[in-house]
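Take a look at the structure below.
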Amino acid sequence: MKIAVTSTGGSLDALVSEKFGRCQYFLIVDSDTMKFEAVSNLGEQMQNNAGPKAAELIINKGAEVLLSGHVGDKAENTLRKAGIKIVNGFTGNEKVKDALNNYLKTKEN
């Protein structure tokens, strides 16, 4: 399964970004192998529609789940229409790898 995580940097040791549309990176992680691709968020610098633009990026990368702090309404609608599960509520105090591991543990139970 591919999981997208909003991130402040390009590694699994980076912190989860609380912002979806304006995060610096998305880490697209294969949950089976934990291999990942760091993708710069072009929406970060946009004046308008950063969330929907970021949602398109996530969809095009084939993500099935998104881990983030907060997703705005427009982006959330776009992601839900594409069938992507959104897991909100992450704070900027958690590393990407820890957020992934915690999500995967709760998913197993």
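The values are calculated or read from the model by the stated rules, or taken from the named source; none is laboratory data. The structure presented is a predicted model; accordingly, all values stated were derived computationally and were not measured. Counting neighbours? That spans all protein chains shown, and the Cβs are built from the backbone with ideal geometry, glycine included.
Consider ALA54 against the criteria (1) aliphatic (A, V, I, L, M); (2) buried (at least 18 other Cβ atoms within 10 Å of the Cβ); (3) closer than 17 Å to LYS97 by Cα: it satisfies all of them except one. Which criterion is unmet?
So ALA54 meets the others, but not (3).
Restricting attention to the stretch 77-93, and to residues there that are modelled with pLDDT of 95 or more and not hydrophobic (A, V, I, L, M, F, W, C), which single residue is nearest to the chain's Cα centre (by Cα)?
Here the answer is LYS85.
Has the stretch 21-28 got at least one residue that is free of Cβ contacts under 8 Å to residues at least 40 places away in the same chain and of a type in the set (Lys, Arg)?
Yes; the residues of the stretch 21-28 include at least one that is free of Cβ contacts under 8 Å to residues at least 40 places away in the same chain and of a type in the set (Lys, Arg).
ASN41 passes all but one of (1) surrounded by fewer than 20 Cβ atoms within 10 Å (Cβ to Cβ); (2) more than 13 Å from ILE3 (Cα to Cα); (3) touching a Ser or Thr at 6+ places or on another chain (Cβ under 9 Å); (4) not hydroxyl-bearing (Ser, Thr, Tyr); which number fails?
Against the list (1) surrounded by fewer than 20 Cβ atoms within 10 Å (Cβ to Cβ); (2) more than 13 Å from ILE3 (Cα to Cα); (3) touching a Ser or Thr at 6+ places or on another chain (Cβ under 9 Å); (4) not hydroxyl-bearing (Ser, Thr, Tyr), ASN41 comes up short only on (1).
Kindly indicate which of THR6, THR91 is β-branched (Val, Ile, Thr), surrounded by fewer than 17 Cβ atoms within 10 Å (Cβ to Cβ) and within 23 Å of LYS105 (Cα to Cα).
THR91
Which residue is surrounded by the most Cβ atoms within 10 Å (Cβ to Cβ), if the candidates are limited to the stretch 25-38 and must be modelled with pLDDT of 95 or more and not hydrophobic (A, V, I, L, M, F, W, C)?
TYR25
Out of the stretch 35-59, which residues are more than 15 Å from GLY21 (Cα to Cα) and out of contact with any Gly (no Cβ under 7 Å at 6 or more places or on another chain)?
LYS35, PHE36, GLU37
I'm trying to understand the selection: among the residues of the stretch 57-97, which are in a strand (DSSP E or B), among the β-branched types (Val, Ile, Thr) and touching a residue at least 40 places away in the same chain (Cβ under 8 Å)?
Residue satisfying the conditions is VAL65 alone.
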